[in-house]
Amino acid sequence: MDIGLRDQLERVTRESRALKQKADLLEKENVALKKSIYDLSIKYNRLAYKYQANPYPLDFGAVGEGAPVSAAGGVSAPGATAPSAGPTVGTPSGGFADPTTLLEGMAPSRDKPKDGKYFTLKSDLKGHGGAVYTIQFSPCGRFLASGSFDKTVRIWDATSVPKEIHVLKRHTVNVSDLCWSDTSKELVSAAYDQTCKTWDTETGKLTGSYECEGFVQCVQFNPANNDIFVHGSTRKVLGVVDRRQPPPATSDAFDPDAAMSGGSAGAMTIRTAAMINSVYVYRDGTLVLSGDSAGQLKLWDLRTGQCLETVLNEPSRKPISHLAVSKMEDDDEPRYMGVNSYDNVIRVYDRGYAPPRSQTRLLHSLKGHKNKNWPIKSAFYNGGDFSMPSYPRSSTPGDGLDASGDKEKTKQSEPAMLLATGSADPFAYLYAVGQSEGCSEMVQRLEGHADRVYSVAFHPSEPILATCSADFTVKVWSSTSRGRRAFTL
């Protein structure tokens, strides 16, 4: 046989072997994903039969009279009639609806909470054909985006009569995470089809598709420049994509700490030692914090790709499923961060006034929800609407303690944040979280879903909460009263 032909045959054989190995790996991942979806379907079918007569009263009165159910979703009440057209989402020029229509009719009453309920169910959004995995309000507060196992992203009008306005259908496997641009005019979605996609939310059109390595678990726009987004995957990759530049070259090099490929400004692939489950990009756009399957919080410099700091969330190294930060009224870096972990605990950290330069300390360990083995997400609300009792640390009589050492009847008060989380049971959980160590309490279990609650999201400026579940639905909850609220713990 000719030597040149033999060399060519050997090269083709090697390439064929490498392709077969890659195909085998993808098939294993595909089998695992199908099994997960099958298990979820079986669980849903059982619970759907059990809950077919919904035992929870749904309060649609505040949403608007006669809002019908449609195939595209929306809300309904038994025997309701069709309403008049709802408020316009966009104007012919592409602008947004009048802010005065925002959640009009969903305004909570001024009454005190009944039966200890601080939040009540206001609307039930239907339309997804699979478990709803992730949900996010837009920064302007007028829209709600949800991603599902049905491979779609849906955008809902969150004004007076919540309704579906776009169905985005270009993913081929379940959608895992979403992030809005600062202008609320773009959305980036991550999925297990190993891509991230960007969308024009005014037209519902796909504007870009970016291949990634592995199932993409999380994604976030760079707050300092929305042309850049960061994602994490099951292949132990922290990726940075700059949409203005061509894709960077890839590399198979790996270092136990980190290996970087690419290298063009704002576009790189950082290879890590564990799956990346959640990311948070700092407001200045130069740093990113990752939570991984080894239970570690890692701080990365996006300019160099280097890991600057590693913190172990808890000693048993249970995987971290989500990072949530408290939104601030100004442009300062958020001070408080919640970390969901597979040990059924949310740890709330005080990051100080100037992270990452300031020291981070553990403030609260919140229990009661179920997170083990499930990618559960949480969210903060820090609108200044809530307060909670606190006691001074001093043991001097008159400084919060009486002569016998007991707490005085008059309690001090401090601002309270709300932290909501999904759970592996059919509930969402609501915690009041103070700024003093140990000053926290579970204040409500939200009942209404028929299967595990994967994710939650608060409205950017109002005490309104959205939850999404394996029961194929999105639910919207609102506070039961206006004005400043004091939790009685």
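The table below lists the values:
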| read-out | value |
| --- | --- |
| Test result for L297, open to solvent by less than 60 Å² (accessible area, probe 1.4 Å), modelled with pLDDT of 95 or more, over 25 Å from Y133 (Cβ atoms) and not charged (D, E, K, R) | no |
| All positions within the range 207-236 that are open to solvent by 10 Å² or more (accessible area, probe 1.4 Å), touching a residue at least 60 places away in the same chain (Cβ under 8 Å) and either hydrophobic (A, V, I, L, M, F, W, C) or touching a helix residue (DSSP H, G or I) at 6+ places or on another chain (Cβ under 8 Å) (or both) | F215, A224, T234 |
| Among residues of the range 221-269, those that are outside any loop (DSSP other than H, G, I, E, B), hydroxyl-bearing (S, T, Y) and at pLDDT 95 or above, counted | 1 |
| Cβ-Cβ under 8 Å pairs, at least 6 apart or on other chains, the range 154-167 side closer than 19 Å to C179 by Cβ, far side open to solvent by 20 Å² or more (accessible area, probe 1.4 Å) and of a type in the set (D, E, K, R) | R154/E164; I155/E164; W156/K163; W156/E164; A158/R142; H166/R154; V167/R154 |
| Among the candidates S436, S440, S461, S469, residue that is open to solvent by less than 10 Å² (accessible area, probe 1.4 Å) and not hydrophobic (A, V, I, L, M, F, W, C) | S469 |
| Residue check for T183: modelled with pLDDT of 95 or more, of a type outside the set (K, R), open to solvent by 40 Å² or more (accessible area, probe 1.4 Å) and out of contact with any strand residue (DSSP E or B) (no Cβ under 8 Å at 6 or more places or on another chain) | no |
| Hits in the range 323-374 - residues which are outside any strand (DSSP E or B) and either among the acidic types (D, E) or in contact with a helix residue (DSSP H, G or I) (Cβ under 9 Å, 6 or more places away or on another chain) (or both) | E329, D330, D331, D332, E333, D343 |
| Condition check for V167: under 25 Å from G232 (Cβ atoms) and in contact with a strand residue (DSSP E or B) (Cβ under 7 Å, 6 or more places away or on another chain) | no |
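The values are calculated or read from the model by the stated rules, or taken from the named source; none is laboratory data. What you see is a predicted model; the values in this text were computed from it and never measured. Quick reminder, even Gly has a Cβ in these numbers, built from the backbone with ideal geometry, and neighbours come from all protein chains shown. Side chains included, ligands, DNA and RNA excluded: accessible areas come from the protein's heavy atoms. Shrake-Rupley method; radii C 1.70, N 1.55, O 1.52, S 1.80 Å.
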